There are 2 protein chains.
Amino acid sequence: MRFEALAIEGLPEVAAGDDLAGLIAERVAPVSGDVLVLAHKVVSKAEGRVRRLADVSPTPRAAELAAQHGKDPRHVQVVLDESVSVLRAARGVLICETRHGFVCANAGVDASNARRGAADEVILLPVDPDASARHLRARLRSLTGVGPGVLITDSFGRAWRHGQVDVAVGCAGIIPLDDWRGRTDASGRELHATWIAIADELAAAADLTRTKDGAQPVVLLHGEAVARHVSEADGAGAAAIRRPKDEDLFR
Amino acid sequence: MRFEALAIEGLPEVAAGDDLAGLIAERVAPVSGDVLVLAHKVVSKAEGRVRRLADVSPTPRAAELAAQHGKDPRHVQVVLDESVSVLRAARGVLICETRHGFVCANAGVDASNARRGAADEVILLPVDPDASARHLRARLRSLTGVGPGVLITDSFGRAWRHGQVDVAVGCAGIIPLDDWRGRTDASGRELHATWIAIADELAAAADLTRTKDGAQPVVLLHGEAVARHVSEADGAGAAAIRRPKDEDLFR
């Protein structure tokens, strides 16, 4: 099987209230079975999920963490506002559980690729990235007649590996996990553990087509290797990939 | 930028001593800048990194862990033989640090996609997957005149996310980590943390073209989005992605 991945060029700077699906539909015509992968920042900007540090008053806890880790106390306050818990604080990074239940650095709060000239703005994750994906999918369907899979991504670090990879924080019309447990391999041997995080692999594939200075938040994935994971129903979303706290061995 | 990913069809069952690069070169003609992605099992089989459980005598520790977790004590013994430490044992899985320094379930020891009819064989990771990748690359260069990037992968679980994604366990001719720290984003803002695990994203992309019952261990990645990460030198390998134990916050 095969697929191709292509970064969409020419998307303008997006601001709160912009019709993101409309801007995408002007530049790409997805066919049935395609997946559109969006870096969360463009979704967050369109949804106004941006905070100005000038408007933030740090609590004593934020001030203390900021002093310990050489960070801006207002930035730390925004991270705490987006978190339900801080798992670790070390080397200038807070590893947090976000309000969605994702575990990642700084609760997904980031200043890079904020608006041009907006030096004190930070971008948050969408409030409900699966809902964002569903809304974008419905709007794309109404504009183009096709409801592609929609995937919203962020770059997450990993506990035991250097660097970040893009993973799914929201999706609609994509089967997020492909469960082979109880099915058989090429020799007819039962597979006991094989459970593939398709949405995360799609996110990683899309990221390869971008540069971090290229302003290419939207990537099209096309081909049967992708289409087999696209569903008519919006499905369980990326929320299905979160490991529940009571199954977490590393907290 | 763009790339495409294509699973290579028709590779025969591979056994110890087979010329894996030769079998690949008969089926695909990589061009400069391409990456060939190999599921580690096909590499391990060619290298004879297979053990028969009938030949394994479990130690008391293996027998105890096996009894606690409902596993075959001989399988557990093989896992312990491949490990320098066991980080967690729970829910039928041993989370181990392998002799290479990778943290993964069961030290990468797996029975699925072992030889047809070889019910008691388990497959190990290559002894030195980066060396395996370098050797395959050199052999492909001598056969085809082109030295593609070579990536050897395994499916790893993640601490806080369900399911597995393919990651790099070995590579040659691929820049494993793309370091944007100190460089700037599209607005000229300095990036403080952006450090992309390219080899892992390539691994994940390739896995999308496979089915777990399809006997398609080899995937070709082609296009400028991939070629920009291929180097003339074999480079640091996937070993560069391991997070050293003294930087590990979750052990």
Residues in the range B:25-33: is at least one touching a Leu at 6+ places or on another chain (Cβ under 8 Å), open to solvent by 40 Å² or more (accessible area, probe 1.4 Å), in contact (Cβ under 8 Å) with a residue 12 or more places away in the chain and of a type outside the set (Gly, Ala, Ser)? yes
Among (1) closer than 25 Å to residue B:171 by Cα; (2) in contact (Cβ under 8 Å) with a residue 60 or more places away in the chain, residue B:87 falls short only on (1)
Within the range A:209-234, the count of residues that are open to solvent by 30 Å² or more (accessible area, probe 1.4 Å), out of contact with any Leu (no Cβ under 8 Å at 6 or more places or on another chain) and under 15 Å from residue B:223 (Cα atoms) comes to 1
Of (1) modelled with pLDDT of 95 or more; (2) assigned to a loop (DSSP other than H, G, I, E, B); (3) at the interface with chain A (Cβ under 9 Å from one of its Cβ atoms), residue B:210 satisfies every one except (1)
Can you tell me which residue within the range A:176-194, out of those that are modelled with pLDDT under 80 and part of a loop (DSSP other than H, G, I, E, B), is farthest from residue B:120 (Cα to Cα)? A:193
Return yes when residue B:102 is within 15 Å of the chain's Cα centre (by Cα) and surrounded by fewer than 23 Cβ atoms within 10 Å (Cβ to Cβ) and no when it is not. no
Being surrounded by fewer than 20 Cβ atoms within 10 Å (Cβ to Cβ) and within 26 Å of residue B:215 (Cα to Cα) is the filter here; which residues of the range B:50-70 pass it? B:50, B:52, B:53, B:54
Taking the condition of being open to solvent by less than 10 Å² (accessible area, probe 1.4 Å) and not aliphatic (A, V, I, L, M), how many residues in the range B:144-155 meet it? 3
Name the residues in the range B:76-97 that are closer than 27 Å to residue A:184 by Cβ and within 16 Å of the chain's Cα centre (by Cα), would you? B:82, B:96
Restricting the range B:213-241 to residues that are facing another protein chain (nearest Cβ under 7 Å) and either on the phi > 0 side of the Ramachandran plot or free of Cβ contacts under 8 Å to residues at least 12 places away in the same chain (or both), the residue that is farthest from the chain's Cα centre (by Cα): B:213
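The values are calculated or read from the model by the stated rules, or taken from the named source; none is laboratory data. Just so we're clear, the structure is a prediction, and the values are computed from it rather than from any experiment. Cβ atoms come from the backbone with ideal geometry, glycine included; neighbour counts cover every protein chain shown. Please note that ligands, DNA and RNA were not included when accessible areas were found on the heavy atoms of the full protein model with its side chains. Shrake-Rupley method; radii C 1.70, N 1.55, O 1.52, S 1.80 Å.
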